[in-house]
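The values are calculated or read from the model by the stated rules, or taken from the named source; none is laboratory data. Computed from a prediction, not measured in an experiment: that's the story for all the values here. Every residue, glycine among them, receives a Cβ derived from its backbone with ideal geometry; neighbour counts consider all protein chains shown. Ligands, DNA and RNA are stripped out before the accessible areas are found, and what is left, the full protein with its side chains, is counted by its heavy atoms. Shrake-Rupley method; radii C 1.70, N 1.55, O 1.52, S 1.80 Å.
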2 protein chains.
Amino acid sequence: MIRHIAALAISALLLTGPAQAAGTSLATGGLGLVIERASGSVLVVDRLAHDTLARIEGLGDLSHASVNYSPDERFAYVFGRDGGLTRIDMLARRIDRRVIQGGNSIGGAISDDGALIAVSNYEPGGVRIFDAETLALVADIPADGKTVGLVELPGRRFAWAVWDSGEAWMADLSGPQTVVTRLGETGANPYDAVLSGDGRHFVVGLFGEKGLTLFDMWDDAPAPVRFMADYGKDDEDLPVYKMPHLQGWAFTEGQFALPAVGRHEILWVDRTSLAEVARTSLHGQPIFILSQPGSPFVWVNFATPHNDALQVVDSRSHEVVATLRPGPAVLHMEFSPRGHEVWVSSRDDNKVIVFDTRTRAVKAEIAAQSPSGIFFTARAHRIGL
Amino acid sequence: MIRHIAALAISALLLTGPAQAAGTSLATGGLGLVIERASGSVLVVDRLAHDTLARIEGLGDLSHASVNYSPDERFAYVFGRDGGLTRIDMLARRIDRRVIQGGNSIGGAISDDGALIAVSNYEPGGVRIFDAETLALVADIPADGKTVGLVELPGRRFAWAVWDSGEAWMADLSGPQTVVTRLGETGANPYDAVLSGDGRHFVVGLFGEKGLTLFDMWDDAPAPVRFMADYGKDDEDLPVYKMPHLQGWAFTEGQFALPAVGRHEILWVDRTSLAEVARTSLHGQPIFILSQPGSPFVWVNFATPHNDALQVVDSRSHEVVATLRPGPAVLHMEFSPRGHEVWVSSRDDNKVIVFDTRTRAVKAEIAAQSPSGIFFTARAHRIGL
């Protein structure tokens, strides 16, 4: 039935010579950044060639860094722990602009039109919004404490929570004036939040009490809904080595996959009823739980002392289907946008490991100095990052 | 509470001069193609600048054309009605390679790793698979008739249906040999198919009998499941001016939004139970029903004689919330990847109209000769297109 054909055997009209060799292309859809957390540097990588194109230095304290991309995938905005906001030109492979916008920042977001960059700050608390082109300040929104869980919403809007006051807020920059709205009480000491990929559910995690709080951002007046009343830190449990990242929550098959705090478990929550439907026992305390695109699987990494491993869990059966040992201190994972590969940073082995998600075998390794976060340019086109 | 600040008033370290002017950038994340169906040409557009960068001619019969992009967003693969497969260099803005691969083709797909291009053919029937770089033939898979509904699946796989034999098939090119599997019977005369964005549900529409057929592609052995037994063409209904595109089915809020065949309705089907849960009365016979990213809304265009309008429907209430009149012969819509804009082709007004999805007001217009399909490079990163 199948005929393998070695050479072009049909009517062909070749209009030009061969395409440019890999690596010389200036297309930006296959690029990414790897954070080198100890040295304040980033690697520009070609995820298709499994290659490093450049190292860019001078980004300050990257011990807790995140990245957003401009809609054309040309510029990366790197948010550093020290309040540095750095705009990297992915084509020129150098820093384009850099400002120290605050004293202690913990993350950022980019508006849906790409025009505005928002940064969440601890010291002083609040959200600052910048022109994405010039990095000039556009709006400065103070808060009654540390701001956490900053996300972008459609329509030039942003939402966040405030650790000290236990509130969630939203800013709307679609009109001539910035309109700031209090969404309501989250519960005590929100420490992080996440937005679902459809822009609907803004979910806030709490450190000061048990439970989670959800806002339906499709509502005209989003209101807090508490759920999972027993979710959270429990003194009788294992010590909490690291609070799990809420950005890592998988939204799959009508479920939230929540990392249990301090326990070796995933909690599966039905997205409609907000009730727990299953638990999965794991190798360690989960940090990130990420959906493999185009599949039923989530991939999980762990807090110390179990952070040399990854596990793969089927969201249908809730069973662990694979345990991998990439190396010491696995800090982050990033999937290719259509899911055929996952890149994994092994900080203490000073390398990034590329796995084929189908075979779960290693395809490539890339040298990096204490790598942590990995961010591909395809993020430019996604909601909820 | 808010301080608007006109100028950069905080610690700033500007390391370089201003960024390059718009239009000279070689980043590819904000580009797209507009099919000019009557003239065999395409426009290369900058969706961020609302501008046309180039017209490329010589693509043959584009009366039913579709486009896929390479993972780095550099190359567009244009599938023409006349069997032409054209590789466009989005940076050089010219045809890179072109082959006439069959006599009458109706669509294509690109493997998840970007290495393989598949084309679905009517005359002769079958699927041909090409090297994405050279356009050399890799595999030629005959069929017992016209192949329709070709989609890419994760793991270098493709699936399609065969009009004449009423079967669905899958090809797996992940190993050294191409493995072709018969998935099962679809029902009489499948005319199109669609894959959900999570790669799970391959849904086949039928012309020869009523009902739809679904395959769960996450199963190790996907089997046909019939549903919506009354769905389809009905002689007692209105005349069918055009069979709706299944690529246009929205998957939103746990529902499929199906265009009723020959009737002025959307049928809402629960994705878990596969039962109809609601209907929406429309202005005309729906062709495309597309989800606005980050929102509860779907946008609908219509068959002649009602094809001057668009309607917006809320997937929660199933009610029409807006009716727009962009102009004569609205053939296609394309959303910006995060949903802040939608581009609409008005064939008989020779223009593309850009709407702000929040205000639903016109933001820009772009001249084009008989425009039909609009395809942004962000598609490179999505499953189910």
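Restricting to the range A:307-331, name every residue that is surrounded by fewer than 22 Cβ atoms within 10 Å (Cβ to Cβ) and either touching a Cys at 6+ places or on another chain (Cβ under 9 Å) or touching a residue at least 40 places away in the same chain (Cβ under 8 Å) (or both).
Those that are surrounded by fewer than 22 Cβ atoms within 10 Å (Cβ to Cβ) and either touching a Cys at 6+ places or on another chain (Cβ under 9 Å) or touching a residue at least 40 places away in the same chain (Cβ under 8 Å) (or both): A:Val312, A:Arg316, A:His318, A:Val320, A:Thr323, A:Leu331.
Among A:Gly205, A:Gly199, which is small (Gly, Ala, Ser) and within 14 Å of chain B (Cβ to nearest Cβ)?
The unique qualifying residue is A:Gly199.
Residues are listed down the side, and each one gets a yes or a no for (1) polar (S, T, N, Q); (2) in a strand (DSSP E or B); (3) touching a Lys or Arg at 6+ places or on another chain (Cβ under 6 Å); (4) within 13 Å of chain B (Cβ to nearest Cβ):
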{"residue": "A:Arg128", "(1), (2), (3), (4)": "no, yes, no, yes"}
{"residue": "A:Ile141", "(1), (2), (3), (4)": "no, yes, no, yes"}
{"residue": "A:Gly175", "(1), (2), (3), (4)": "no, no, no, yes"}
{"residue": "A:Leu183", "(1), (2), (3), (4)": "no, yes, no, no"}
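Test B:Ile100 against the criterion of being on the phi < 0 side of the Ramachandran plot and away from chain A (no Cβ under 11 Å), and give yes or no.
no
In this structure, does B:Asp172 turn out to be open to solvent by less than 20 Å² (accessible area, probe 1.4 Å), acidic (Asp, Glu) and at pLDDT 95 or above?
No.
With the condition kept exactly as written, say whether any residue in the range B:317-334 is charged (D, E, K, R), in a strand (DSSP E or B), under 30 Å from B:Ala38 (Cα atoms) and over 15 Å from the mean Cα position of the chain (by Cα).
no
May I ask you to say which residue of B:Gly145, B:Gly208, B:Gly232 is assigned to a loop (DSSP other than H, G, I, E, B), of a type outside the set (A, V, I, L, M), open to solvent by 10 Å² or more (accessible area, probe 1.4 Å) and on the phi > 0 side of the Ramachandran plot?
Just one listed residue meets the conditions, B:Gly145.
Could you list, ordered by first residue, the pairs with Cβ atoms under 6 Å in which the first is in the range A:335-354 and within 14 Å of another protein chain (Cβ to nearest Cβ) and the second is of a type in the set (Lys, Arg) and surrounded by 23 or more Cβ atoms within 10 Å (Cβ to Cβ), at least 6 apart or interchain?
If the second residue must be of a type in the set (Lys, Arg) and surrounded by 23 or more Cβ atoms within 10 Å (Cβ to Cβ), no pairs are left.
Restricting to the range A:23-63, count the residues that are closer than 15 Å to A:Asn350 by Cβ and hydroxyl-bearing (Ser, Thr, Tyr).
3
On the given criteria, is A:Arg279 open to solvent by 20 Å² or more (accessible area, probe 1.4 Å), assigned to a loop (DSSP other than H, G, I, E, B) and either out of contact with any helix residue (DSSP H, G or I) (no Cβ under 8 Å at 6 or more places or on another chain) or among the β-branched types (Val, Ile, Thr) (or both)?
Considered against the rule, which asks whether it is open to solvent by 20 Å² or more (accessible area, probe 1.4 Å), assigned to a loop (DSSP other than H, G, I, E, B) and either out of contact with any helix residue (DSSP H, G or I) (no Cβ under 8 Å at 6 or more places or on another chain) or among the β-branched types (Val, Ile, Thr) (or both), A:Arg279 comes out as no.
If only one of B:Arg94, B:Arg81, B:Arg74 is surrounded by fewer than 24 Cβ atoms within 10 Å (Cβ to Cβ) and at the interface with another protein chain (Cβ under 9 Å from one of its Cβ atoms), which one is it?
The unique qualifying residue is B:Arg94.
Quick one: which of A:Gly262, A:Gly327 is more than 14 Å from chain B (Cβ to nearest Cβ) and in contact with a strand residue (DSSP E or B) (Cβ under 9 Å, 6 or more places away or on another chain)?
That would be A:Gly327, the only listed residue that is more than 14 Å from chain B (Cβ to nearest Cβ) and in contact with a strand residue (DSSP E or B) (Cβ under 9 Å, 6 or more places away or on another chain).
Looking at B:Ala257 and the list (1) crowded, with 20+ Cβ neighbours inside 10 Å; (2) among the hydrophobic types (A, V, I, L, M, F, W, C); (3) assigned to a loop (DSSP other than H, G, I, E, B), which single condition is not satisfied?
(3)
On the given criteria, is A:Leu274 crowded, with 21+ Cβ neighbours inside 10 Å and modelled with pLDDT of 90 or more?
no
For the range B:48-71: of the residues being open to solvent by less than 30 Å² (accessible area, probe 1.4 Å) and of a type in the set (S, T, N, Q), which is farthest from the other protein chains (Cβ to nearest Cβ)?
Ranking the qualifying residues of the range B:48-71, first place goes to B:Asn68.
For the range B:356-385, what are the residues that are crowded, with 22+ Cβ neighbours inside 10 Å and in a strand (DSSP E or B)?
Selection gives B:Pro371, B:Ile374, B:Phe375, B:Phe376.
Here is a list: A:Glu152, A:Glu167. Which entry is at the interface with chain B (Cβ under 10 Å from one of its Cβ atoms), open to solvent by less than 40 Å² (accessible area, probe 1.4 Å), modelled with pLDDT of 95 or more and closer than 15 Å to A:Phe215 by Cα?
Going through A:Glu152, A:Glu167 in turn, the sole match is A:Glu152.
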